[in-house]
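Worksheet: one structure, shown below.
Read-outs: derived from the displayed coordinates by stated rules, not from any lab. Predicted, not measured: the structure shown is a model, and the values here were computed from it. Counting neighbours? That spans all protein chains shown, and the Cβs are built from the backbone with ideal geometry, glycine included.
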Amino acid sequence: MSPRRPPEPVLDAALVGVALADAWAHVDVQDRPALACAVLGALALAVRRRLPLVTFALTLPTALVTDAVVAPMAALYTLSSLNRHRLLLGGCALSYAIIDFLPWPWSSMDATELGQTNNLFHLSYTLATAAAPVFLGQLVQARRELSLRLADISEAREHERLLTAQSVLAKERAQLAREMHDVVSHQVSLIAVQAGALQVGSRDPETRQAAATIRRLSVQTLDELRHMVSVLRASGSSPTELTPQPSLADLQRLVDASGIEAKLEAELPEELAPTVQRAVYRTVQEALTNVRKHAPGATATVRVGHRDGVLTTTVTNTAPTRHALALPSAHVGLVGLAQRAELLGGTVTSGPTAQGGYELCLELPVDRNR
């Protein structure tokens with residue numbers, strides 16, 4: 001993990017301090033004009049990020065009349081790291097090199113000495129010194145742009161990966177929709193037809209009632225399957241309007257249509273969150289389904305109450321009166337209820353009763369899920 005970089009104002013203040021220390025070491029305090037130029041150049045570094053070219057211009061007198069180099073070189077580096085105009089950068093570097101090379105005052109300059117080897121070496125050194133911050137600034141700028149480009153590439157690849165995953169998921173949903181339409185819907189339709197024939201042809205009232213319940217549930221299942229197929233087929237295209245999610249207002253209808261003898265006892269607080277209402281509804285639905293599958297002939301009681309900020313839902317059934325048939329099951333119903341309750345901060349417990357029946361209890365905190 002890379003060390004955390006200090007804030008920019010702290011870095012700027014530190015650089016101004018270093019420039020002032022450099023001026024203090026190279027400028028005679030008695031030389032007031034030179035000292036003023038050095039202090040001006042050092043303080044100008046405080047605005048180098050916002051006004052890099054102006055900052056560089058304000059540091060040039062420091063290079064002209066003093067031997068302090070921190071302020072002008074820092075200004076030239078900042079200008080190079082924030083500017084892409086190569087001609088401007090070259091001109092600024094050359095200006096700094098010439099100003100740093102020429103003696104001050106200019107009246108002391110001897111034209112015959114310019115061609116001496118010593119001065120040529122000094123000029124080469126000054127040009128290299130001026131080019132160094134320019135090259136370093138350009139390198140930093142290129143690194144910054146490369147980092148941004150890499151970030152864009154990573155984002156584009158992640159987006160491409162997401163699109164690929166969505167494409168694969170859309171194909172799987174389309175295949176699942178075909179399977180549901182061709183196999184499951186067809187078999188449920190046959191169940192509904194056979195139940196209708198049994199309802200019409202039987203003379204036993206209990207058999208006719210059971211056949212009517214099977215037919216009604218089959219028709220409801222078909223409607224839900226058709227909607228699920230339409231949702232799966234529309235995946236990846238325009239959004240499909242989903243079936244309204246159930247609420248506690250639908251509990252009585254759920255109990256009445258469960259196909260078993262069941263009663264509802266509910267004392268509900270006001271303004272329950274939709275997620276809590278759905279959790280209660282799905283819990284009751286799963287519990288009544290399990291009673292119908294695993295406890296034939298049993299009766300059930302659904303109790304929903306609120307106490308001390310906790311909403312409690314209990315579904316209790318009596319002992320079965322007939323032997324249960326072996327029905328296919330994925331054994332994930334109670335696991336799904338427990339996971340849903342856990343997401344809402346609640347719990348699901350279940351187990352047999354002393355009377356030979358079974359009880360499922362859901363507890364959800366109401367105040368947390370408002």
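Taking other Cβ within 10 Å of each residue's Cβ, how do MET228, MET73 sort, fewest first?
Details: MET228 17, MET73 23.
If I rank by nearby Cβ atoms, fewest first, I get MET228, MET73.
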Acute angle (nearest 10 degrees) that the helix 185-201 long axis makes with the longest principal axis of the chain, alpha-carbon atoms: 20 degrees
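By how many nm would the segment from ARG303 to GLN355 lengthen if fully extended, with 0.36 nm per residue of separation less the alpha-carbon distance?
Values: separation 52, 0.36 × 52 = 18.72 nm, distance 1.79 nm.
Additional length available on full extension: 16.9 nm.
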Which value, in debye to the nearest 20, describes the size of the charge dipole of the chain about its Cα centre when Lys and Arg Cβ atoms bear +1, Asp and Glu Cβ atoms bear -1, and nothing else is charged? 1200 debye
May I ask for the angle, rounded to the nearest 10°, between helix 274-294 and the longest principal axis of the chain, with both axes built from Cα atoms and the value confined to 0 to 90°? 40 degrees
Segment 8-152: radius of gyration over Cα atoms, expressed as a fraction of 2.2 N^0.38 Å: 1.12
Ranked by Cβ crowding within 10 angstrom, fewest neighbours first, how are SER218, SER95, SER167 ordered? SER167, SER95, SER218
Relative contact order (%) - the chain, alpha-carbon pairs under 8 angstrom, separation at least six: 9 percent
With bins 10 Å wide starting at 0, give me the P(r) of the chain over every alpha carbon pair, in whole percents. 4, 14, 17, 12, 7, 6, 8, 10, 10, 7, 4, 1, 0, 0
Inter-part gap, Cα centre of segment 66-81 to Cα centre of segment 20-46, in whole angstrom, is 14 Å
Quick one: 3J(HN,Hα) in Hz for segment 84-101, Karplus 6.51/-1.76/1.60 with θ = phi - 60°, rounded, Gly and Pro as x. 9, 7, 5, 5, 5, 5, x, x, 5, 5, 5, 4, 5, 5, 5, 5, 6, 7
Helix 117-179 versus the longest principal axis of the chain: what angle, 0 to 90°, nearest 10, using Cα atoms? 10 degrees
Would you mind giving the three semi-axes, in whole Å and largest first, of the ellipsoid equivalent to segment 248-369 according to its Cα gyration tensor? 24, 15, 13
Quick one: THR283, THR62, THR129, THR353, fewest Cβ neighbours within 10 Å first, how do they rank? THR353, THR129, THR283, THR62
